[in-house]
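Encoded as structure tokens, the structure appears first; notes follow it.
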Amino acid sequence: MSKPVCYSTKAFGTSSASAPLGATTIDRRMPAASDIQIQILYCGVCHSDLHFSRNEWGFTQYPAVPGHEIVGRVTAVGSGVTKFKVGDTVGVGCLVDSCRTCPDCRQGLEQFCNGMVMTYGSMDQHLDRPTLGGYAQSIVVTEDFVLRIPANLNLAAVAPLLCAGITTYSPMRHWKVGAGQKVGIVGLGGLGHMGVKFARAFGAHVVLFTTSPGKIDDAKRLGAHEVVVSKDEAQMQTHAGSFDFILDAVSATHDINAYLNLLKHDGNLVLVGAPEKPLPVAAFPLIFRRRSFSGSLIGGLPETQEMLDFCAAHNITSEIEMIRMDQINEAYERMLKSDVKYRFVIDMASLS
Ligand code: NAP
Ligand code: ZN
Ligand code: ZN
């Protein structure tokens, strides 16, 4: 296949695991028949962007441009595009394509497709280099992987829904979190604070676990009925054997067994956090009470749209701190100190 015609756009990326992010210029393909060209207005900052930039998962290829919580405006559409027009407000999350034919794709579970193309760090079939993400002024995406953004929501505060939102919404829908259940959320960061909001909206009794005592009041304001400081062994013990479901959204090494012990019989601990190193799991907390330990990866396109529409109906968005593009390295350092309230969002106008 011959390389498509390209145009240049300003971006922010890095050339090695140890280098800070800095200004760069990247190529995007000119929109083909089914493509949409988007001027990026806001991009959320996910902890995955940091893991990826620093090659903590071991598969980053450089130069790398992170960013997969993209909200923007359509600036051009290909001749075959039917779902969007110039001027529409749209979103792009962690996926920009998939094989479209496998059983997972046919069920709208594109995140499990062997041929899924992630917004950054996958092979770009068009340009024969890794895909480059949303820390940029513009992106081109096939229309089937573009989401409609509900008109009533604050655009900057919608951006984090595209990853933090769907990653917490999807497992709670899959395992049917709802009224009458006691649900734990571990870690009040970007994912965790969305988890609190969704669990509350689904009608559960919500308990937030945090290592940061300074976040207790915020957690309650965001929807937690109770807050437990996880370093306090006595507080943890009062909840032993009592949870139906726990969502673990922690980005670093921590003791997973302490949370398995808090589940009822047949309770489920779902890991969405993706720490760099393996987490040891002891046999006894699992085999006693027939507990489950599981994981979940973002969500497919239909469910992501469903989540956005749910947020519009329930007036749910992320709590954000807006930053300029050139503050990204400082934002990463604050993220490592658990000092995010509760998602950084880049104002992409600051890149021009
Ligand atoms: P984040 O905003 O940095 O939040 C992580 C939170 O974890 C922190 O705010 C902190 O909450 C807690 N934490 C941090 N270090 C800890 C430690 N050493 N021990 C215990 N708790 C600690 O990160 P995020 O963007 O929400 O992402 C969380 C994780 O999910 C990352 O690993 C990310 O890569 C992963 N992720 C996975 C998916 C998926 O599809 N599965 C999607 C997106 C992101 P407290 O201050 O409340 O303790
Ligand atoms: Zn993410
Ligand atoms: Zn597929």
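The values are calculated or read from the model by the stated rules, or taken from the named source; none is laboratory data. This one's a predicted model, so the numbers in the text were calculated from it and none came from an experiment. Ideal geometry is used to build each Cβ from the backbone, glycine not excepted, and the neighbour counts take in all protein chains shown.
In table form, for the structure just shown:
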item	result
Filtered residues of segment 179-193 (kept if surrounded by fewer than 24 Cβ atoms within 10 Å (Cβ to Cβ) and touching a Phe, Trp or Tyr at 6+ places or on another chain (Cβ under 7 Å))	Q181, K182
Some residue of segment 230-245 being at pLDDT 95 or above, crowded, with 23+ Cβ neighbours inside 10 Å and either closer than 16 Å to G295 by Cα or out of contact with any strand residue (DSSP E or B) (no Cβ under 8 Å at 6 or more places or on another chain) (or both)	yes
The one condition in (1) in the same structural domain as P171 (by TED's automatic domain parsing); (2) away from ligand 2 (no atom under 15 Å from the Cβ); (3) surrounded by fewer than 19 Cβ atoms within 10 Å (Cβ to Cβ) that L263 fails to fulfil	(3)
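Results for (1) outside the structural domain of L132 (by TED's automatic domain parsing); (2) out of contact with any Gly (no Cβ under 7 Å at 6 or more places or on another chain); (3) surrounded by fewer than 22 Cβ atoms within 10 Å (Cβ to Cβ), shown as yes or no for each residue.
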position	(1), (2), (3)
A11	no, yes, no
A17	no, yes, yes
R29	no, yes, yes
I38	no, no, no
V45	no, yes, no
L50	no, yes, yes
